[in-house]
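For reference, the structure discussed in these notes is given below.
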Amino acid sequence: MRLPRLPRLRINHQIQAANVRLIDLDGSHLGIKPLAEALAIARSKGSDLVEIAPQANPPACRVIEYSKYLYQLEKRLKQAQK
């Protein structure tokens, strides 16, 4: 049985929006920030900036470790298939 394909997510400097809606590691909303400031916040926390809702205006981005986010996403997809 094949798992569904994971969505292609933009991380860090792949994000092209001027401003982003920023969500912190603990899920709290930090508001709308310029991309450079959001990247600096993510870097200071030792994490990545991951664009989770590119269709939103401005796009929603989360400060999280990218590999951890992919693992959680794969785990949810496996649970949904059962």
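The table that follows gives values for the structure above.
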item: So Arg76, is it of a type in the set (Lys, Arg) and touching a residue at least 12 places away in the same chain (Cβ under 8 Å); result: no
item: Counted residues, segment 13-57 - those being hydroxyl-bearing (Ser, Thr, Tyr) and part of a loop (DSSP other than H, G, I, E, B); result: 2
item: Residue list for segment 57-82, restricted to those being more than 13 Å from the chain's Cα centre (by Cα) and closer than 12 Å to Arg21 by Cβ; result: Asn57, Pro58
item: Boolean, Lys33 is without any contact (Cβ under 8 Å) to a residue 24 or more places away in the chain and touching a helix residue (DSSP H, G or I) at 6+ places or on another chain (Cβ under 9 Å); result: yes
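No lab work stands behind these numbers, since they all come straight from the coordinates. Just so you know, these numbers come straight off a predicted model, no measurement behind them. Glycine gets a Cβ as well: all are built from the backbone with ideal geometry, and neighbour counts include every protein chain shown.
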